[in-house]
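Contents: one structure, followed by commentary.
The values are calculated or read from the model by the stated rules, or taken from the named source; none is laboratory data. Since we're looking at a predicted model, the values are computed, not measured. All Cβ positions, even for glycine, are placed from backbone atoms using ideal geometry, and neighbour counts span all protein chains on display.
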Amino acid sequence: MPQYAILRFSKQKNGSCRALEAHHERQKEKYASNPDIDTDRSKYNFHIVKPTKYYRLEVDDRIKEAGCKTRKDSTMFVDTLITASPAFFKGKKRDEVKALFETAVDFISGKIGKDNIFTATVHVDEKTPHLHLCFTPITEDNRLSAKDILGNRAQLSKWQDEFHAHMVKKYPGLARGESSRVTGREHIPTWLFKQSVSLSKQASQITQELSGINPINASKKRDNAMKMLKKWFPKMEDFEGRLKKYQKSIVLLEKENAKLEEKANTADKGKFSRTLEIGKLQSEVREMHRFIDSIPPDLLQELKNMQKQNNKNRGIDR
């Protein structure tokens, strides 16, 4: 089965600094939304580039020093994910894993400038080791422009070609991932799958609370269920809003799944497992809709009124 070298970019505004820092630097005690994190192993994570201050300050100081002009919609930094297929890491020792990611950081440094990178941390406390690298997209002539550095879809494909060419010199067994220009679909981020699992588990807990209502404990159980729903419902709405972006890709992957089920040969097992995840994601979404339909009408109306008021307060028209 092919082992892929994986490189992905995500453009970010300053508002996401705190949340990404908490995740990348493992600043929380628990990660309910990401069940794959084994906090007992977090002590084995390591930096290739260690931040010297808060992410927000790292970003602001670099932009200020370069004298960059910014707009309200400017991409302030880029969050980069680098990893390889899980099979690549089997049997690899810590030094070997570190060497792979150092090679990848060398590539990014050569493309965007070492001084633009403010963190590069390797996580080994999840199922597959991976690197989170963040950089400010400051050009050689001191402009803040993610567009110039990352480019359009064609240029991003070139990034992938160059990344693979760089990595394969030292790791000849690594293959280049499929281009979205060829497949016609976007990468569906891992966090989306993890968020669906988390929401599904929370829905099950609320169902248990609702099903346990009887004449004696009705008031207390209802209040407990409402507290849980008030946290769950906005997260579910946000999740569905984000999911819409990837519906085309999900449909294409479901079609691939049907074909792979017919073939089911060894070469396709990597893709097959991914499309099975898509099927599970869709199933969980349907289950959550059934759960919403099962919420007592008075509670559901109260939740909808609450969410409508929240959206109004934030200036969101739905």
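One residue stands out in the stretch 1-19 among those that are hydrophobic (A, V, I, L, M, F, W, C) and touching a strand residue (DSSP E or B) at 6+ places or on another chain (Cβ under 6 Å): the one that is farthest from Thr52 (Cα to Cα), namely Ala5.
Among residues of the stretch 291-302 that are in the same structural domain as Leu229 (by TED's automatic domain parsing) and over 16 Å from Ile213 (Cα atoms), those with a Cβ under 9 angstrom from a residue that is hydroxyl-bearing (Ser, Thr, Tyr) and assigned to a helix (DSSP H, G or I), sequence gap 6+ or separate chain, pair up as Phe291/Ser200; Phe291/Ser204; Phe291/Thr207. Check Glu25 against each of (1) modelled with pLDDT of 90 or more; (2) under 28 Å from Gln155 (Cβ atoms) and name the one condition it does not meet. With respect to (1) modelled with pLDDT of 90 or more; (2) under 28 Å from Gln155 (Cβ atoms), Glu25 is out only on (2). Here Val97 clears all of (1) part of a helix (DSSP H, G or I); (2) touching a residue at least 60 places away in the same chain (Cβ under 8 Å); (3) within 22 Å of the chain's Cα centre (by Cα) except the condition numbered (2).
Just one of the numbered conditions (1) out of contact with any Asp or Glu (no Cβ under 7 Å at 6 or more places or on another chain); (2) assigned to a loop (DSSP other than H, G, I, E, B); (3) charged (D, E, K, R) is not true of Lys158: (2).
Taken over the stretch 49-82, the criterion of being out of contact with any helix residue (DSSP H, G or I) (no Cβ under 9 Å at 6 or more places or on another chain) and buried (at least 19 other Cβ atoms within 10 Å of the Cβ) is satisfied by Ile63 alone. Here the helices (runs of 4 or more DSSP H) wholly within the stretch 1-94 that include at least 2 residues being in the same structural domain as Ile117 (by TED's automatic domain parsing) and of a type in the set (Phe, Trp, Tyr) are 86-89. Taken residue by residue, the stretch 117-128 has at least one member that is small (Gly, Ala, Ser) and closer than 25 Å to Arg26 by Cβ.
If you go through the stretch 134-151 one residue at a time, do you hit one that is closer than 17 Å to Glu25 by Cβ and of a type in the set (A, V, I, L, M)? No: zero hits.
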